[in-house]
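Comments concern the structure below.
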Amino acid sequence: MPHLFFRGVPAEKLQSVTSPLADELAALCECGTDNFTMACLHTTNVFGSQESVADFAFIEVGWFERGQQTRNRFAQAITNYVRQLGISEIEIVFHAYREDSYYINGEPVEE
């Protein structure tokens, strides 16, 4: 935790930046890099009767809220690393998990 889901970012490219990205994000969140999951989701954009190629990255971050300043720095770090992959338009959305609704191996994270 946090969980990052990447759309419009080829996995083979993303692999080249995941380690330094995780290091920077872990420092921002004050946690270990082993707390992060990063997944590339294959999507096909469609409009009408034609498939279209994604020309931007859409990244969803699921996490426990850490405040506006951390969220801004987190988003900027992701943007900087994804830009290194030659992607110029990057959109990021955060989904805040509620601690009382998050379970690991069937056990609540916080009681």
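Which of the residues that make up the range 38-88 are at pLDDT 90 or above and over 19 Å from Q15 (Cα atoms)?
Matches in the range 38-88: G62, W63, F64, E65, R66, G67, Q68, Q69, T70, R71, N72, R73.
Six or more apart or on different chains, Cβ under 6 Å: which pairs go from a residue in the range 74-98 that's within 15 Å of T18 (Cα to Cα) and surrounded by 12 or more Cβ atoms within 10 Å (Cβ to Cβ) to one that's at pLDDT 95 or above and among the charged types (D, E, K, R)? Could you list them?
A77/E24
Could you list, ordered by first residue, the pairs with Cβ atoms under 6 Å in which the first is in the range 37-59 and farther than 18 Å from V17 by Cα and the second is assigned to a loop (DSSP other than H, G, I, E, B) and modelled with pLDDT under 75, at least 6 apart or interchain?
N45/A54
Quick check on my filter: what residues within the range 1-17 are of a type in the set (V, I, T) and either modelled with pLDDT under 95 or surrounded by fewer than 13 Cβ atoms within 10 Å (Cβ to Cβ) (or both)?
V9 - this is the single residue of the range 1-17 that is of a type in the set (V, I, T) and either modelled with pLDDT under 95 or surrounded by fewer than 13 Cβ atoms within 10 Å (Cβ to Cβ) (or both).
For the range 86-109, which positions are over 18 Å from F36 (Cβ atoms), assigned to a loop (DSSP other than H, G, I, E, B) and within 16 Å of the chain's Cα centre (by Cα)?
Passing the criteria: I87, E89.
Part of a loop (DSSP other than H, G, I, E, B) and acidic (D, E): is that true of D55 in this structure? Talk me through it step by step, then tell me what you get.
On the way: part of a loop (DSSP other than H, G, I, E, B): yes; acidic (D, E): yes.
It is true that D55 is part of a loop (DSSP other than H, G, I, E, B) and acidic (D, E).
Would you pick out the residues in the range 32-48 that are surrounded by 14 or more Cβ atoms within 10 Å (Cβ to Cβ) and not in a strand (DSSP E or B)?
T33, N35, F36
Is it the case, given these coordinates, that E65 is touching a strand residue (DSSP E or B) at 6+ places or on another chain (Cβ under 9 Å), among the acidic types (D, E) and part of a loop (DSSP other than H, G, I, E, B)?
Yes; evaluated as a whole, the condition is true for this residue.
The values are calculated or read from the model by the stated rules, or taken from the named source; none is laboratory data. Every value quoted in this text rests on a predicted model; they were computed, and no experiment measured them. Neighbour counts run over all protein chains shown; Cβ positions are idealised from the backbone, glycine included.
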